[in-house]
Amino acid sequence: MKSTISINRLEEKLNGEIILPADDNYDEARTIYNAMIDKYPLVIVKCKNKDDVITSVNYAREEGIEVSIRGGGHSGPGLALVDDGLVIDLSPMKGIQVNAENRTVRVEPGCTWGEVDAATHEFGLATVSGVNSTTGVAGLTLGGGHGYLTRKYGLTIDNLISADVVLANGKIVHANERENADLFWALRGGGGNFGVVTSFEYRLHPVKNVIAGPMFWPIDQLETTMKWYRDWLPEMPDDLYAFYLIAEVAAGDPFPEEIHGKKVCGLLWSFTGPKDQFEGYVQQARDVAKPLFEFTGEMPYPALQSMFDGLYPTGHQWYWKGDFVKELSDEAIQEHLKFSNVPTPLSTMHLYPIDGAVHRVGKDETAWSKRDAQWSMVIVGVDPDSENAQKIKTWARDYWKAVHPHTLGGSYVNFMMEEGQDRVEASYGDNYKRLQKVKAKYDPDNFFHINQNIKPG
């Protein structure tokens, strides 16, 4: 433990709260979404504003303490926390400013996407976010960001206009396409490697309601439906989004009791086009195989974003593995079939489409290099019981090992646990060396390294 004097020195300069291991709220403050993570920071600073971030960065650098950055959301691999170090907790920073006339929104890093969606929805606007309202703005954006609006409007980073960043030297800089353009390029997919972002500015789009919801087929229809899906969706207009899933039907609404616990494959739809066209697309899916269940309709976009939040509250055990997929071969589909008996009711596999508008951005225009990928795959082992932690890990790892040879090799960094340097480099491909140069310029000592780390060139 650092001395009381040094902690007092930090406390004197802060507007926010300092939490230490002896404090009553320490265990609560070190708890994150994934209950599989159990780390013990030396000090947690709940920042109220950018000045608190600057103070925290300077203090940690001067004291030689490791630093992690916590936003407002999930941090599956637990990189929001650090043992025996300082956690810069941004969750109190919740500012949201919507400029409806310019169709932009400025967001502080402690926000969740549910909070942002609620604010922009008032004006009939939205930007590209994830698939859960509890996902944090900062982590999702810095990793690249994809979700229900991706085929229409690209990745989250394709809608990022600017960012304010506290660097390792304690200075704050503004980054956009004209100012600190190299940093802006790196922030768009390069994760938390370059500094602490204290403000994000996004482009908004006219999205009020969507037609959306799940459709399930019996699991014995997986081979038939997955083969159809791989060929069908890429030919569909960008207004139509549907991710493919393997799951077990949850016990509860809106699912009828007779299908609770059944293993299924299916689609999660989201459509932003003319209402009278949607039924035609759904009918094409029905014609492939008879659905076991359908629950689609028009709804506010935030309702889609929060549709499954209740199934995945804070405190479950999580283990996930991801990969980018360009071609869904017959051989790969056979491997998916082998692992379709998910080990626990909440475990799942999703294939998220990342084509459409994503493919209209060059691979060297942002740090996200896999612009030719068709899907971002995630295999997720989830269970509320810690006794099943090894069970879900084993399933996710074995599943991933089986399908990995049929993928592009790298992963969306937000779908990775702590998997080593080779996986990080594979995820950035040809852009990795350029990212190293930016890292060497803005963080030459690798001060920000509790992340999917890019080492200075």
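Tabulated values for the structure
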{"quantity": "Entries of K50/K171; K326/K363; K208/K290 with Cα pairs more than 19 Å apart", "calculated": "K208/K290"}
{"quantity": "Charged-residue dipole, Cβ positions (Lys, Arg, Asp, Glu), the stretch 69-109 about Cα centre, Debye nearest 20", "calculated": "260"}
{"quantity": "Shape of the stretch 1-153, Cα gyration tensor, a/c cut at 1.5", "calculated": "prolate"}
{"quantity": "Dipole axis of the chain (+1 Lys, Arg; -1 Asp, Glu on Cβ), positive-most option in T366, H449, W400", "calculated": "T366"}
{"quantity": "Full-stretch length increase - D385, N49 - with 0.36 nm per residue and alpha-carbon distance subtracted", "calculated": "117.3 nm"}
{"quantity": "Overall form of the stretch 310-457 per C-alpha gyration tensor (a/c, 1.5; a/b vs b/c)", "calculated": "oblate"}
{"quantity": "Cα centroid separation, the stretch 385-457 to the stretch 322-358 (Å)", "calculated": "18"}
{"quantity": "Mean accessible surface per residue for the chain, computed with a 1.4 Å probe while every protein chain stays in place, in Å²", "calculated": "39"}
{"quantity": "Residues whose placed amide H lies under 5 Å from that of G85, excluding near-sequence neighbours", "calculated": "L42, V43"}
{"quantity": "Peptides 429-441, 126-138, 36-48 ordered by average Cβ neighbours within 10 Å, highest first", "calculated": "126-138, 36-48, 429-441"}
{"quantity": "Unit charges on C-beta of K, R, D, E only; dipole of the stretch 68-206, Debye", "calculated": "300"}
{"quantity": "Which label in (i) 1.01; (ii) 0.96; (iii) 0.99 gives the computed Rg/Rh (Cα atoms, Kirkwood Rh)", "calculated": "(ii)"}
{"quantity": "Estimated inter-spin distance, N176 and D23, nm [label 7 Å along Cα→Cβ]", "calculated": "3.6"}
{"quantity": "Average Cα contact separation per residue, the chain, under 8 Å, 6 or more apart, as relative contact order %", "calculated": "16"}
{"quantity": "Cβ-based charge dipole, the stretch 20-67, positive-most Cα from N49, Y33, I65", "calculated": "N49"}
{"quantity": "The stretch 70-111 shape via C-alpha gyration tensor axes, a/c threshold 1.5", "calculated": "prolate"}
{"quantity": "Relative contact order [Cα under 8 Å, 6+ residues apart], the stretch 365-457, whole percent", "calculated": "28"}
{"quantity": "Contact order relative to length of the stretch 155-252, as percent, for alpha carbon pairs under 8 angstrom and 6 or more apart", "calculated": "24"}
{"quantity": "Packing-based order for 325-333, 139-147, using average beta carbon neighbours within 10 Å, highest first", "calculated": "139-147, 325-333"}
{"quantity": "Peptide ranges 381-388, 257-264 listed from the most packed, as the mean C-beta count within 10 angstrom indicates", "calculated": "381-388, 257-264"}
{"quantity": "Note, ³J(HN,Hα) from phi for the stretch 214-224, Karplus 6.51, -1.76, 1.60, rounded to Hz, x at Gly and Pro", "calculated": "x, 9, 10, 10, x, 4, 6, 9, 4, 4, 4"}
{"quantity": "Degrees between helix 432-442 axis and first principal axis of the chain (Cα, 0 to 90, nearest 10)", "calculated": "30"}
{"quantity": "Rounded to the nearest 20 debye, dipole of the stretch 227-278 from Cβ charges on Lys, Arg, Asp, Glu", "calculated": "200"}
{"quantity": "Segment N446-E298, length gained on full extension (0.36 nm per residue, minus Cα span)", "calculated": "48.5 nm"}
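The values are calculated or read from the model by the stated rules, or taken from the named source; none is laboratory data. In this text the structure is predicted, and so the values were computed from the model without any measurement. Glycine gets a Cβ as well: all are built from the backbone with ideal geometry, and neighbour counts include every protein chain shown. Areas reflect the complete protein model, heavy atoms only, side chains present, ligands, DNA and RNA absent. Shrake-Rupley method; radii C 1.70, N 1.55, O 1.52, S 1.80 Å.
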